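Chemist: Have a look at the structure that comes next, please.
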Amino acid sequence: MFGLTEDQIRRYSRQIILPSVGGRGQRRLLQARVLMVGTGGLGSPAALYLAAAGVGTLGLADSDDVDLSNLHRQVVHRTSDLGGPKTASAARTIRALNPDVTVTLHQERITADNALEILELYDVIVEGSDNFPTKYLMNDACVLLKKPLVFGAVYQFEGQAAVFRAGDGPCYRCIFPDPPPPGAVPSCQEAGVLGAVPGVIGTIQATETLKLLLDVGTPLTRRLLVFDALEMSFLELEMEQNPTCPVCGQHPTILALTDGGGGEREATCTLHADARGPNGGEPL
């Protein structure tokens, strides 16, 4: 069936029987290439579900090592992995879960110098970094390359998810033109985060990525999904493209990448103060 082996048909059978997937869709997933930027709280569940679904190639970009404080939310890592590179740890878990998946490691910071070269290799970029410079860099690179960007962010008991796709709605800079000033957003060490919250957002990111690869359903373009775990509620906010956006507007001024710091080191909790749910202020 569509070049699938007997083991693959059994492994993905519950997915294949979906009318909008079938053998053709499963084959498409097996041929797809997805880059995970960050293998932490968001990247962990996203990578696990994408691997389980049979996404053929997963790139893992992260320059950090596994720390004990990561383990309450970064479920792709194990206690035995402490002190080692996150990319290597995540790769071991993914390969044990699904040997169909080819894992490509990018054990380095993504910067303006290497972002276009790395991102060019993939069909969809899943953004799970925990610092604003990387989020802006990934947005700008995806606009320049016309790659879809699946965005996620968390803060304490709250999270956000969206899809930014060049030519179909706004980009990240349309909604958040500038990063917050230094010191305006507390670190995760200072603010804290409930471990299951990035699990919710990361799973949404995986779902949106699969929808993009299969070309089914309605993606989270033009909408920002805000999750409040304390109220167990979701708020959907409409997003519009900014015609004066410096990267995707009518007269763009960002024509090349500039290095805003980059990296995946856990520096901040990455919800803008003006985009939090009911427990952090009125969104947008």
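The values are calculated or read from the model by the stated rules, or taken from the named source; none is laboratory data. Note that this is a predicted model, so its numbers are computed, not measured. When we count neighbours, we look across all protein chains shown, and the Cβ atoms used for this are built from the backbone with ideal geometry, even at glycine.
Chemist: Between a residue in the range 160-174 that is among the charged types (D, E, K, R) and any residue that is modelled with pLDDT of 95 or more and part of a helix (DSSP H, G or I), which pairs come within a Cβ distance under 9 Å, given they are 6 or more apart or on different chains?
Modeler: Note: pairs meeting the criteria are Arg165/Cys142; Arg165/Leu212; Arg173/Tyr136; Arg173/Asn139; Arg173/Asp140; Arg173/Val143.
Chemist: If you don't mind, another one. Which condition number does Met232 fail, the rest of (1) surrounded by 13 or more Cβ atoms within 10 Å (Cβ to Cβ); (2) at pLDDT 95 or above; (3) among the hydrophobic types (A, V, I, L, M, F, W, C) being met?
Modeler: Answer for Met232: the failing condition is (1).
Chemist: Which members of the range 158-194 meet the condition of being closer than 30 Å to Pro243 by Cβ and among the hydrophobic types (A, V, I, L, M, F, W, C)?
Modeler: Listed by number, the residues that qualify are Ala161, Ala162, Val163, Phe164, Ala166, Cys171, Cys174, Ile175, Phe176, Ala184, Val185.
Chemist: Taking Leu105 and the conditions (1) among the hydrophobic types (A, V, I, L, M, F, W, C); (2) out of contact with any Pro (no Cβ under 7 Å at 6 or more places or on another chain); (3) within 26 Å of Ala162 (Cβ to Cβ), which numbered condition does it fall short on, given that it satisfies the others?
Modeler: Result: Leu105 fails condition (3) only.
Chemist: What number goes with the only condition from (1) surrounded by 18 or more Cβ atoms within 10 Å (Cβ to Cβ); (2) not in a loop (DSSP other than H, G, I, E, B) that Ala96 does not pass?
Modeler: Only one criterion in (1) surrounded by 18 or more Cβ atoms within 10 Å (Cβ to Cβ); (2) not in a loop (DSSP other than H, G, I, E, B) is unmet by Ala96, namely (1).
Chemist: Is it fair to say Arg109 is under 18 Å from the mean Cα position of the chain (by Cα), at pLDDT below 95 and either closer than 21 Å to Leu149 by Cα or of a type in the set (Phe, Trp, Tyr) (or both)?
Modeler: Yes, satisfied.
Chemist: Hey, another quick one. Determine whether Thr221 is β-branched (Val, Ile, Thr) and surrounded by fewer than 19 Cβ atoms within 10 Å (Cβ to Cβ).
Modeler: So Thr221 fits the description; yes.
Chemist: Okay, next question. Against the condition of a type in the set (A, V, I, L, M, F, W, C), surrounded by fewer than 23 Cβ atoms within 10 Å (Cβ to Cβ) and touching a strand residue (DSSP E or B) at 6+ places or on another chain (Cβ under 9 Å), how does Phe151 come out, does it pass?
Modeler: For Phe151, the condition - of a type in the set (A, V, I, L, M, F, W, C), surrounded by fewer than 23 Cβ atoms within 10 Å (Cβ to Cβ) and touching a strand residue (DSSP E or B) at 6+ places or on another chain (Cβ under 9 Å) - is not met.
Chemist: Is it the case that some residue within the range 252-267 is assigned to a loop (DSSP other than H, G, I, E, B), modelled with pLDDT under 55 and touching a Phe, Trp or Tyr at 6+ places or on another chain (Cβ under 9 Å)?
Modeler: Checked against the condition, which is being assigned to a loop (DSSP other than H, G, I, E, B), modelled with pLDDT under 55 and touching a Phe, Trp or Tyr at 6+ places or on another chain (Cβ under 9 Å), the range 252-267 yields at least one hit.
Results for (1) closer than 20 Å to Lys211 by Cα; (2) more than 11 Å from the chain's Cα centre (by Cα); (3) basic (Lys, Arg), shown as yes or no for each residue.
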{"position": "Val124", "(1), (2), (3)": "yes, no, no"}
{"position": "Pro133", "(1), (2), (3)": "no, yes, no"}
{"position": "Tyr136", "(1), (2), (3)": "no, yes, no"}
{"position": "Val143", "(1), (2), (3)": "yes, yes, no"}
{"position": "Phe157", "(1), (2), (3)": "no, yes, no"}
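Chemist: Right, something else. Please note which strands (runs of 3 or more DSSP E) are completely contained in the range 103-210 and include at least 1 residues that are farther than 15 Å from Ala47 by Cα.
Modeler: Of the strands (runs of 3 or more DSSP E) lying wholly inside the range 103-210, those with at least 1 residues that are farther than 15 Å from Ala47 by Cα span 149-155, 158-164.
Chemist: Could you give every pair whose Cβ atoms fall below 6 Å, whose first residue belongs to the range 1-15 and is under 17 Å from Val55 (Cβ atoms) and touching a residue at least 12 places away in the same chain (Cβ under 8 Å), and whose second residue is surrounded by 10 or more Cβ atoms within 10 Å (Cβ to Cβ) and among the polar types (S, T, N, Q), counting only separations of at least 6 or pairs across chains?
Modeler: Tyr12/Gln26
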